[in-house]
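Data block below; observations after.
FYI, it's all coordinate maths here, none of it is from the lab. None of these values were measured; they are calculated from a predicted model. In this analysis, Cβ positions are derived from the backbone assuming ideal geometry, glycine residues included, and neighbour counts consider all displayed protein chains.
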Amino acid sequence: MNYFKEIFRFAIPYKIYGILNIIANIFYALFSALSFVALIPMLKVLFNETDLNPVTTKPIYAGISSLKDFFVDSLNFYIAEGIKTDGKFQVLTYMIIVIISIFLLKNIFNYLAMYFITFLRNGVLKDIRNELYGKVVSLPVSFFSEKRKGDVISRISTDVLEIQHSFLSILELIVREPLTILFTIFTMFFLSPKLTLFVFIFIPISGFIISAIGKKLKRQSDKAQQEQGHFLSLLDETITGLKVIKSFNSEENFNEKFQTSTNRFFTISNKLLNRQNLASPASEFLGILVIAGLLWYGGNLVFIDKSLEPAIFLSYIGLAYNILTPAKAISKAGYSVRKGNAAAERILEILNTEDTIPDIKEAIQIKSFENAVSFENISFKYENEMVLKNFTLTIPKGQTVALVGQSGSGKSTIANLITRFYDVNKGVIKMDGVDIKNLTKKSLRQQIGLVTQDSLLFNDSVKNNVKIGDCNATDEQVIEALKIANAYEFVVDLPQGINTNIGDSGNKLSGGQKQRISIARAVLKNPPIMVLDEATSALDTESEQLVQKAFDKMMQNRTSLVIAHRLSTIQKADLIVVMHKGKIVEQGKHDELIGKKGIYEKLVSMQSF
């Protein structure tokens, strides 16, 4: 229940619907009990009990101790009077109308209770999903290098849906069903205290047996949800890497992995559902045992002891059976709560995850970039091995600095650190002399445009992909950005121009076209600092030339950090920094570095060859 306490905060904005649901449930429970009491006078007429025990004088109330006798005598008196004036059939008709009215009211309040709970339940569902999505977007990139994407998707979809069902169940558990049982037991006790005490001997035994059935449910539910997250991750990876899977004829291998996961889910789900399904028949069978005991003991009171009237006894049996339905519902709700608790735990794990790269309380907003970006003796590691060691570099405003070196030398890490996707372990990165940790992440990233090797586009139109750079941009501004990026020449030929949908991850476009759309997005943002992370390494020669021209236009009058494998793209840089195993080994202009006959000259020779 600890996890549900945290989930219940999402219900606070919808508390009015919860209150209305409780009110409707109170009336439902009341009329549910009265519906069986209303049968008593009808049964008395049918069994001619009023003829056997006629009451000719109106009873007088003599205190709460004689309330039951007063109720029974009054009932017999009014039935007898009604039969005298209107006849038995007419009195029976009146009673049927009363019974129908009570059942109608019972079902109206039942509908109203479910009507109000729908708004609360769906509102909670919406708010949890929204908060989860907001949290996922706000968490640092490092979080998703540790978590499977499919597992996160499973938590936002399946686990939240489980919370929805269990949330409804727990409200029934707390309000509706207990009230129905309470009103019913109160009515039963009023009609026959002896029989009611007899029932209470059996109820704790039944509860113990039902509780024993569900002990392992939460643990099994948690396993099922984890396994579901696993095969959703496999599905996500399969769709993303379908070309690789097909090209290496690995369909059978991935099929086997997926089927192994779904088979585990099949086994766990069977155990889980079979245990859950046992709740209803077990509680119903135990309920019938209670009814059987009632029939035996009640028959004794009617036929031998003669302390209970047959009509009241039959209504009492109906009331006793009326407990079974809410008892079964409570039993099912108990199982749902255990499942929901496991789902709540997984959801709250994400919601309660601390942002490892937070804005400090005194963080300031940087509104413009004026002087330089400096890396001062920074060191960084992703796990155990240091990727950067005492790295120092200054990038003055308006200059283009290129980072080159072998794979794994730490070039792309610089791009991750300047944008604060990760924080340095040692040292400091400054922008205009201010530690970037003292700046708000939003204002810092507003100063930086990032173009990566992988052109990350979305399943939307060209226009909306470009407008990520500036959501308020006009169509004219979008077109101008596309022209600067040398992209408008192919966009204009698309079926709907800038409004053409480019497919999942932009797969309707070529690699060069996707990269130019990414450049247009950065151009529209118009940041003073541009970071190009191996942005041309995946392109063919012709596409690279088009993209390079786009870069040249975009980088005019900007501060640029270019991370490059292809050295032909950075020969005009103001400073070329050669990296090796996280350290700077050479730096200077192209001609200077060639003249040194060092690592840079070897890299150029290898690429030229």
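Amide H to amide H, which residues 5 or more places from residue 388 or on other chains are under 5 Å from it, using H placed in the peptide plane? When sequence neighbours closer than 5 places are left aside, the close amide H contacts are 380.
From the P(r) of the range 332-384, can you give the percent of Cα pairs sitting at distances over 19 Å? Show your work: numbers first, answer last.
On the way: 926 of 1378 pairs.
Of all Cα-Cα distances in the range 332-384, 67 percent exceed 19 Å.
Annotation: amide H of residue 403 within the under-5 Å range of 562, 563, 564, 577, sequence separation 5 or more or interchain, hydrogens built in the peptide plane.
For the range 372-608, the calculated P(r), taken from all Cα-Cα distances in 10 Å bins from zero up to the bin holding the longest distance, is 8, 32, 34, 21, 6, 0 percent.
Taking the Kirkwood radius as the inverse of the mean 1/r across Cα pairs, report the Rg/Rh of the range 315-424. Present the calculation step by step, with values, prior to reporting the outcome.
Values: Rg = 28.8 Å, Rh = 20.0 Å.
Reported Rg/Rh, Kirkwood definition of Rh: 1.44.
Scattering from the C-alpha atoms of the range 458-507 alone, worked out with Debye: what is log10 I(q)/I(0) at q = 0.16, 0.19, 0.21, 0.30 1/Å? Listed by q, the Debye log ratios stand at -0.39, -0.55, -0.68, -1.27.
DSSP loop GluC sites (Glu not before Pro) in the range 341-395 with at most 11 other Cβ atoms within 10 Å of their Cβ, which ones? Walk me through the intermediate numbers first.
On the way: sites: 345, 349, 354, 362, 370, 376, 383, 385; in loops: 354, 362, 370, 383, 385.
Answer in residue order: 354, 362, 370, 383, 385.
Under the criterion of Cα pairs below 8 Å and six or more residues apart, the relative contact order for the range 372-608 equals 27 percent. Site pair residue 190 and residue 90 shows an inter-label distance of 2.9 nm when each label is modelled 7 Å from Cα along Cα→Cβ. Annotation: amide H-H contacts under 5 Å for residue 587 (H modelled 1.01 Å from N, sequence separation of 5 or more, or interchain): 578.
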